């Protein structure tokens with residue numbers, strides 16, 4: 001059954017034709033046409049029909065977006081081939097994984113292939129913080145970009161509400177002394193989808209002698225976000241919610257969410273949020289946009305259900321994982337693919353000339369100036385990511401996301417490096433040219449694909465390996481580190497989790513995105529370093545342990561000049577100032 005909801009004013013406005021204008025390519029301004037002529041877009045029922053999804057499987061949110069019933073997967077087997085888009089270690093503004101993913105899918109479509117996207121939904125933390133938007137850019141966007149960057153279909157709000165309902169119930173039962181937990185044993189925090197450093201540490205008073213120290217994480221770091229993204233059905237979602245470990249008794253026994261008797265209420269809040277969202281790219285490529293955990297503090301991948309939807313209804317499913325290959329790429333393989341039984345056909349690593357210059361020692365405020373020698377030095381960072389990606393025996397393509405100021409000499413240095421390394425190279429101009437600018441990348445990826453499906457992935461570590469060995473394997477393979485050090489607090493917390501039976505879980509490393517190491521100041525390809533784990537957190541429902549390194553925080557802060565300062569609503573009701581829209 002399909003349901004029609006009223007078209008919101010913003011949705012209606014998003015289908016107006018847009019004039020040519022100056023637009024932002026991350027931090028660079030390029031005189032190119034505006035992102036797209038939206039008046040020519042197909043409706044979502046039309047997009048769904050093109051990939052074999054009946055309108056009966058849609059819950060329509062206006063004309064431009066819908067949720068897809070899980071019944072659309074009934075009887076469907078994986079048919080498409082899965083392409084992962086990752087990157088080198090990025091600059092603070094990001095190197096364009098999302099725009100490259102969209103442009104690649106549009107390029108595949110222009111070559112006559114049925115392609116679909118499986119992407120994360122942006123968090124409003126970065127939208128109002130540093131990035132100002134994460135729906136692609138230029139002629140390679142997903143639409144309606146303004147709504148996707150903001151409330152979209154309400155999934156993040158549902159996750160926030162469910163997480164905080166559980167937190168409120170825990171404190172309520174502490175107040176009435178109805179739980180085995182003591183205030184000191186509670187691990188479950190609260191969440192909010194806004195960057196706010198003031199909420200990192202709070203005191204909770206429940207109106208009784210019970211008072212405790214806690215704090216807020218950002219919604220993208222919520223374990224319920226991870227649970228929703230890894231769940232494969234409503235039943236699996238319920239089981240994972242039941243397994244959430246919210247704290248430990250004084251005797252070291254885990255206390256799960258099932259003991260608080262609100263699993264049904266949590267499922268009610270998340271019922272619609274579990275359904276993947278269907279939108280489209282600027283050129284009409286179907287895009288399943290669902291879930292949004294960060295890769296520096298969480299597992300960094302869109303939902304399993306969205307990926308399966310794309311694989312079941314397209315020849316090629318293009319997805320991306322957060323930040324660089326040492327973060328999102330590793331977690332995509334060792335957590336998502338392991339848990340969901342997904343295989344991987346090809347890997348794309350996005351690089352930019354500006355990021356290579358940063359890794360070659362150029363200051364961020366000077367990376368716009370030509371410097372081919374700095375690019376040459378910065379290739380060491382890319383080399384580490386290429387080596388890690390190729391170790392999985394999948395074809396790897398380096399895609400240079402082109403900026404207007406890139407010089408021929410700088411681009412030639414990257415091409416020469418790829419030729420010498422034996423890895424495929426493609427110049428991507430999808431921001432300015434859309435799918436046409438992604439055809440060369442699409443051809444390079446297709447040329448590297450073997451005729452048959454690849455063998456199953458060989459993961460970085462065995463599931464039953466000791467946690468320290470898992471961490472050491474990740475550090476060597478992905479970071480180029482010599483080893484891992486556990487501080488006393490981490491040793492103590494790990495011993496608690498191992499005693500409770502959680503040693504067999506995969507490990508999700510929370511690490512700075514600014515360096516291969518755990519020190520954000522070490523750009524390039526650091527040598528002779530170790531990773532220091534200061535603490536562990538347990539995600540029993542999601543099914544992994546979180547290793548906290550360096551100074552990484554699960555509640556980000558706003559920068560000195562947040563992107564929120566440039567966002568506004570015009571007299572006609574249109575939203576301005578969000579990057580990529």
Checklist line | Some residue of the range 212-226 being under 27 Å from residue 76 (Cα atoms) and under 13 Å from the mean Cα position of the chain (by Cα) | finding: yes
Margin query: Kindly evaluate residue 491 against the criterion of being free of Cβ contacts under 8 Å to residues at least 24 places away in the same chain and either surrounded by fewer than 23 Cβ atoms within 10 Å (Cβ to Cβ) or in contact with a strand residue (DSSP E or B) (Cβ under 7 Å, 6 or more places away or on another chain) (or both).
Written below: yes
Margin query: Being surrounded by 21 or more Cβ atoms within 10 Å (Cβ to Cβ) and in contact with a helix residue (DSSP H, G or I) (Cβ under 7 Å, 6 or more places away or on another chain) is the filter here; which residues of the range 383-396 pass it?
Written below: 385, 386, 388, 389, 395, 396
Next item on the list: Within the range 416-460, track down each residue that is surrounded by 16 or more Cβ atoms within 10 Å (Cβ to Cβ), out of contact with any helix residue (DSSP H, G or I) (no Cβ under 8 Å at 6 or more places or on another chain) and without any contact (Cβ under 8 Å) to a residue 60 or more places away in the chain.
Entry: 418, 444
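So, in the range 185-213, exactly how many residues are assigned to a loop (DSSP other than H, G, I, E, B), modelled with pLDDT under 90 and in contact with a helix residue (DSSP H, G or I) (Cβ under 7 Å, 6 or more places away or on another chain)? Give the derivation first.
Applying the first criterion (assigned to a loop (DSSP other than H, G, I, E, B)) to the range 185-213 yields 187-189, 193-196, 200-201, 206-210.
When the remaining residues are screened for being modelled with pLDDT under 90, the result is 206-210.
Now narrow it down to the ones that are in contact with a helix residue (DSSP H, G or I) (Cβ under 7 Å, 6 or more places away or on another chain): 206-208, 210.
Here the count works out to 4.
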Next item on the list: Return the only residue of 166, 174 being surrounded by 20 or more Cβ atoms within 10 Å (Cβ to Cβ), within 21 Å of residue 214 (Cβ to Cβ), in the same structural domain as residue 215 (by TED's automatic domain parsing) and modelled with pLDDT under 95.
Entry: 174
Check: Among (1) touching a residue at least 40 places away in the same chain (Cβ under 8 Å); (2) within 30 Å of residue 308 (Cβ to Cβ), which single condition is residue 248 missing?
Finding: (2)
Notebook entry, point to check: Quick check: anything in the range 528-551 in a loop (DSSP other than H, G, I, E, B), more than 23 Å from the chain's Cα centre (by Cα) and without any contact (Cβ under 8 Å) to a residue 60 or more places away in the chain?
Noted result: yes
Notebook entry, point to check: Since residue 516 meets every condition but one in (1) assigned to a loop (DSSP other than H, G, I, E, B); (2) over 30 Å from residue 138 (Cα atoms); (3) within 24 Å of the chain's Cα centre (by Cα), which condition does it not meet?
Noted result: (2)
Next item on the list: Taking residue 369 as meeting all but one of (1) under 21 Å from residue 519 (Cβ atoms); (2) free of Cβ contacts under 8 Å to residues at least 12 places away in the same chain, write down the number of the exception.
Entry: (1)
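Whether any residue in the range 96-112 is over 18 Å from the mean Cα position of the chain (by Cα), assigned by TED's automatic domain parsing to the domain that holds residue 313 and in a loop (DSSP other than H, G, I, E, B) is what I want to check. Outline the logic, then answer.
Going residue by residue through the range 96-112, those that are over 18 Å from the mean Cα position of the chain (by Cα) are 106-112.
If we keep only those that are assigned by TED's automatic domain parsing to the domain that holds residue 313 too, we end up with 106-112.
Next cut, in a loop (DSSP other than H, G, I, E, B) only: 111-112.
Yes, the range 96-112 contains at least one residue that is over 18 Å from the mean Cα position of the chain (by Cα), assigned by TED's automatic domain parsing to the domain that holds residue 313 and in a loop (DSSP other than H, G, I, E, B).
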Check: Looking at 129, 133, 125, which one is at pLDDT below 95 and in contact with a strand residue (DSSP E or B) (Cβ under 8 Å, 6 or more places away or on another chain)?
Finding: 125
Notebook entry, point to check: Which pairs have Cβ atoms under 9 Å, sit 6 or more apart or on different chains, and link a residue in the range 36-49 that is loosely packed, with under 14 Cβ neighbours inside 10 Å to one that is at pLDDT below 95 and part of a helix (DSSP H, G or I)?
Noted result: none
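The values are calculated or read from the model by the stated rules, or taken from the named source; none is laboratory data. What you are looking at is a predicted structure, and each value in this text was computed from that prediction instead of being measured. A quick note on method: Cβ atoms are made from the backbone with ideal geometry, for glycine too, and the neighbour counts reach across all protein chains shown.
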